[in-house]
1. Based on what the data block shows, is K153 open to solvent by less than 40 Å² (accessible area, probe 1.4 Å), under 25 Å from S200 (Cα atoms) and modelled with pLDDT of 95 or more?
2. With the condition being surrounded by fewer than 21 Cβ atoms within 10 Å (Cβ to Cβ), I'd like the strands (runs of 3 or more DSSP E) fully within segment 1-82 carrying at least 3 qualifying residues.
3. Testing D205 on (1) touching a Ser or Thr at 6+ places or on another chain (Cβ under 7 Å); (2) surrounded by fewer than 21 Cβ atoms within 10 Å (Cβ to Cβ); (3) under 19 Å from F14 (Cβ atoms), one condition comes back false. Which one is that?
4. Does R257 meet the test of being open to solvent by 20 Å² or more (accessible area, probe 1.4 Å), at pLDDT below 95 and within 19 Å of V116 (Cα to Cα)?
5. List the pairs whose first member sits in segment 28-46 and is modelled with pLDDT under 95, whose second member is open to solvent by less than 40 Å² (accessible area, probe 1.4 Å) and small (G, A, S), and whose Cβ atoms are under 6 Å apart, counting only residues at least 6 apart or on separate chains?
6. Just to be sure I understand, how many residues within segment 83-92 are of a type outside the set (S, T, Y) and either touching a residue at least 60 places away in the same chain (Cβ under 8 Å) or outside any helix (DSSP H, G or I) (or both)?
7. Could you grab me the full set of residues in segment 235-273 that are touching a residue at least 24 places away in the same chain (Cβ under 8 Å) and among the hydrophobic types (A, V, I, L, M, F, W, C)?
8. Can I183 be described as within 22 Å of V263 (Cβ to Cβ), out of contact with any Ser or Thr (no Cβ under 7 Å at 6 or more places or on another chain) and open to solvent by 20 Å² or more (accessible area, probe 1.4 Å)?
Amino acid sequence: MMDRFVEFYHLNAFVAQGQGGNPAGVVRHADVLDDAQMQAIATDFGYPETAFICHSEHADVRLRFFTPTHEVAFCGHATVATFSALWQLGALEAGDYTQETGAGVLRVSILDSGKVNFETAIPVISDGPNEKVIADAFHIDSKDILSTGLPVKVVSAGGPSIILPLASLDALARMSQDREAVIALTEAYDCVGVHAFALSPHESDITACCRNFAPLVGVDEEAATGSAAAALAAYLTEYQGTHNRFVFEQGEHIGARSLLSAVVKVDAQGHQRAWVGGDANTVIRRDTARLSVRCD
């Protein structure tokens with residue numbers, strides 16, 4: 001065993017005019033950490049996700065993402081936080097990069113303004129739960145879902161989500177989760193969480209207002225969910241198809257308003273992929289810790 005220093009940072013990602021956003025931890029030089037140490041750090045931080053930056057043989061960086069209780073294949077807001085932190089710290093310039101994740105090697109772009117756009121996995125859409133079952137889990141009426149004319153689906157663009165359409169912003173505000181029922185639903189459909197949305201009025205610049213619930217992985221409600229925004233963009237492209245550029249608002253109901261932009265593009269192989277983008281606030285150094293690590 002030997003002691004090594006590991007750098008810890010904190011940012012909020014998908015901020016709206018510099019406010020709100022979703023907190024993420026960012027840990028540099030994480031190759032010296034084992035799985036248990038990464039999980040312990042993420043649990044101690046308590047952020048919805050913490051990203052650990054590791055060396056990659058296949059991309060510019062390898063990122064591992066941990067919630068307070070689980071490792072997940074991909075996290076959008078922690079991707080924004082990581083690349084924004086590296087840009088702010090001078091480790092990366094504006095430009096195009098790749099990241100190796102549990103969802104594959106994906107492209108990332110840092111604009112001159114510092115905004116981060118990231119590619120997500122090819123979306124996969126499958127059947128979701130019965131409307132009454134999921135309505136009961138959130139203490140709403142199944143009519144709030146059925147009257148949209150849109151289906152409840154499971155969509156994966158790196159992290160599977162149950163996409164739940166609601167007829168009005170009022171229904172979205174009235175949602176109150178039965179935590180155990182939501183955990184059972186997400187387990188049954190092998191999903192990270194439930195992403196509920198209500199379309200905004202046509203005159204609004206916001207495409208939809210959203211709420212995301214992921215108690216299965218220790219996140220009761222999240223202020224901004226990049227992978228779910230990608231899933232929702234793919235869903236709306238599939239079931240509405242009128243446009244492929246979106247702006248989603250999330251976090252309003254927990255006092256952390258966030259904005260996520262999304263666009264659905266066709267890649268070189270002819271597959272539709274969503275790109276999601278957002279801004280982060282100023283990086284804050286949490287600590288530089290001395291940890292005892294294995295030295296092979």
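1. yes
2. 2-13
3. (1)
4. Answer is no for this residue.
5. What qualifies is F45/G25.
6. Final tally of qualifying residues: 6.
7. L236, F246, V247, F248, I254, A256, L259, L260, A262, V263, V264, listed by residue number.
8. no
The values are calculated or read from the model by the stated rules, or taken from the named source; none is laboratory data. These figures come from a predicted structure and were not determined experimentally. Every residue, glycine among them, receives a Cβ derived from its backbone with ideal geometry; neighbour counts consider all protein chains shown. Only protein heavy atoms, including side chains, enter the accessible area calculation; ligands, DNA and RNA are left aside. Shrake-Rupley method; radii C 1.70, N 1.55, O 1.52, S 1.80 Å.
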